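I have placed the structure first, in the form of structure tokens, so that the comments after it can refer back to it.
The values are calculated or read from the model by the stated rules, or taken from the named source; none is laboratory data. Model, not experiment: these values are computed from the prediction. Neighbour counts run over all protein chains shown; Cβ positions are idealised from the backbone, glycine included. Quick note on the areas: whole protein, heavy atoms, side chains included, nothing else; ligands and nucleic acids left out. Shrake-Rupley method; radii C 1.70, N 1.55, O 1.52, S 1.80 Å.
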Amino acid sequence: MAAKREEAGGVLEAGATMAALARDHLVQPWPTAGEIGAEARGGLVSGDGIYVIDGEGRKLIDGPAGMWCVNAGHRRPELADALRDQAMALSYNSPWYTTNEPSARLSTRLAGHAPGDLDHVFYTTGGSSAVETALRFMHFANNLKGRPEKKLIVSRQGGYHGSTYLSASLNGRPRDHDWMDSASDLVIKLTCPNPFRRPEAMGEAAFCDMLVDEFRTVIETMGAERIGAFIAEPIMASGGVIVPPDGYLVRMRQLCADNDILFIADEVVTAFGRLGHVFASQDVFGIAPDMITFAKGVTSGYFPLGGVMMSSKMLAELRQSNHPDAMFAHGLTYSSHPIGCAVALANLDILEDGLLDHARAVSAHFQASLKALEDLALVGEVRGLGLMACVECVADRVHNNPLALDLDVGKRIDRHCQELGLLVRPLINMCVMSPPLIISVAQIDAMTAILRTSIRRTMDELVRENLWRG
Ligand SMILES: Cc1ncc(COP(=O)(O)O)c(C=O)c1O
């Protein structure tokens, strides 16, 4: 057995072999049909702090912190110990019949951080299942309240909420739906609140008015009695780090409150320090949502866990309804997983013991140093908040037009960055940066310098290939 493991370890050490094994036997997420089940993605073998080591032995800054999740950084002994200790104490318990201490303690601590009366938690396995839970809960609650027609969900173009059927139905990025079915009869999509792509000659305040008016019109047209929830990422993450216009979230929240529509803040990315706070809704944007979904950074990605913060008032209403036997028929084998919750507790210790302060302290430098890239001719806009940012490349900067050429730009930049020691997350023509929150000022400068050189190399390459005039 040991010999077999050693042999396997030896094989995996070779990055090329790892990629080949994966290509032959692994179905990777988000593949194209032409590559499905036969794709050799670059392998990573280890991580330490803000760095990962790839299959070729290169040390790379983990620009996206995995997928916006390794907030406390790689190889944290506190998190590894929590994981191991809990596995040795109680590795699993059925949440159907029993409870465990880490989930009870974690809920209490999260309640202390969440805004308003969001003092209960339903745990899930990740972000999609958290969003799914919030929506199914809204449907259940409206059934109980005797308004079974109040089920529609309003989301936004450009948003991303997950890959399960209902959560994916909310997604609004173009390629999310090209070849996929969805529960489209349940979902209404509003305009993406992206100031960079607002109509020409329209100021940001007028753009904000337009967005709010659009929601008001939808409510009037469809009827508030049919709309159950509005869901929004406070900052759209994988849609390209879209920071909405000033006042937008407060006004959308107010419209929801005025029309008895639940406001669900999808904080899968923005919570657990990415914007310098455990939850960003209240502390950064001044809103108290009716539910908050979270995942990713709650365990810094060391264990799959997500959840929904729920309001004590809403739960009390259900307890006092006329249907005490009605069942919220929803739960996951791994709801309230003791190991996930134990890791989340250790992760929360790290955040509270200085990491949130650190994230807030370095974020201005992070934003300013990336913003300086706007002097490069290929860069249309750099935007962001806290420790999340997006460098959007636009080949036709004068008309702010994304051209066909843009499709390749992110990948080209990523290739150069990897040669120089940085992993980026290319999204078509955008590079999204969301490093581990432990990143230092010097490391931010190193990251930005690599990005600058890589964009310059990409520009030279495009000119050489006669694809762009500069
Ligand atoms: C805002 C947001 N919501 C939900 C999800 C889905 O989370 P998961 O992939 O953990 O299911 C994501 C994933 O990137 C996300 O960014």
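Using the beta-carbon distance between Ile36 and Asp81 and R0 = 45 Å, what value does 1/(1 + (r/R0)^6) give for FRET efficiency, to the nearest 0.05? Walk me through the numbers before you get to the answer.
Working: r = 39 Å, r/R0 = 0.86.
It comes out at approximately 0.70.
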With +1 on the Cβ of every Lys and Arg and -1 on the Cβ of every Asp and Glu, and nothing else charged, how large is the dipole of the chain about its Cα centre, in debye rounded to the nearest 20?
140 debye
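Taking a quarter of the surface of the Cα convex hull of segment 77-349, what do you get in nm²?
On the way: hull surface 59.4 nm².
Over all viewing directions, segment 77-349 projects a mean Cα-hull area of 14.8 nm².
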Using a 1.4 angstrom probe on heavy atoms only, work out the carbon and sulfur share of the accessible area of segment 77-349 in %.
53 percent
Computed label-point distance, nm, for sites Asp213 and Asp246 using a 7 Å Cα→Cβ extension
2.1 nm
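Based on the Kirkwood radius over alpha-carbon pairs, what value in µm²/s does the Stokes-Einstein equation return for the translational diffusion coefficient of the chain at 10 °C and 1.306 mPa s?
On the way: Rh = 23.5 Å.
D = 68 µm²/s.
Counting Lys and Arg as +1 and Asp and Glu as -1, each charge on the Cβ, what is the dipole of segment 77-349 about the Cα centre in debye, to the nearest 20? Please list the in-between numbers first.
On the way: 22 positive and 30 negative charges, 48 e Å.
Rounded to the nearest 20 debye, it is 220 debye.
Obtain the radius of gyration and the Kirkwood radius of segment 158-223 from its C-alpha atoms and give Rg over Rh. Mind showing how you got there, number by number?
Working: Rg = 13.8 Å, Rh = 13.4 Å.
So for segment 158-223, dividing Rg by the Kirkwood Rh gives 1.03.
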Which number do you get for Rg(Cα) / (2.2 N^0.38 Å) in segment 292-337?
1.49
Given the rule -39500 (n - 2.57) for each run of at least 4 DSSP H residues, summed and divided by the residues of the chain, what is its mean residue ellipticity at 222 nm, to the nearest 500 deg cm²/dmol?
-12500 deg cm²/dmol
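Report the local net charge at Ala368: Lys and Arg +1, Asp and Glu -1, summed over other residues whose C-beta lies under 12 Å from its C-beta.
Numbers: positive: Lys371; negative: Glu374, Asp445.
Summing Lys and Arg as +1 and Asp and Glu as -1 gives -1.
Give me the percent relative contact order of the chain, please, defined on Cα pairs under 8 angstrom at least 6 residues apart. Don't skip to the end; give the middle numbers.
Values: 922 pairs, mean separation 91.3, N = 470.
Averaging sequence separation for qualifying contacts and normalising by length gives 19 percent for the chain.
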Mind checking segment 175-283 for GluC sites (Glu not before Pro) that DSSP puts in a loop (not H, G, I, E or B) and that have at most 15 other Cβ atoms within 10 Å?
Glu200
Gly146 neighbourhood, Cβ < 15 Å, K/R = +1, D/E = -1, net charge +1
Roughly what would the spin-label model give for Leu318 and Ser94, points 7 Å off Cα along C-beta, in nm?
2.1 nm
When 1/r is averaged over all different Cα pairs and the result inverted, which Kirkwood radius in Å belongs to segment 341-470?
15.6 Å
With an 8 Å cut-off on Cα pairs and a minimum separation of 6 or more residues, tell me the relative contact order of segment 77-349 in percent.
31 percent
At q = 0.09, 0.12 Å⁻¹, base-10 log of I(q)/I(0) for segment 1-144 (Debye sum, equal scatterers on each alpha carbon):
-0.49, -0.85
PRE zone check, label point 7 Å out along Cα-to-Cβ of Met202, amide N under 11 Å, scope segment 162-193, hits 191-193
Which value in nm describes the separation of the simple spin-label points at Asp375 and His25, placed 7 Å from the Cα toward the beta carbon?
5.2 nm
Heavy-atom accessible area per residue of the chain, all protein chains kept, 1.4 Å probe, expressed in Å², is 44 Å²
Over segment 77-349, how many pairs of lysines fall under 21 Å by alpha carbon, counting only those 8 or more apart in sequence or from different chains?
5
What's the longest uninterrupted piece of the chain once you rule out the chymotrypsin sites (Phe, Trp or Tyr not before Pro) that are loop residues per DSSP with at most 10 other Cβ within 10 Å?
180-470
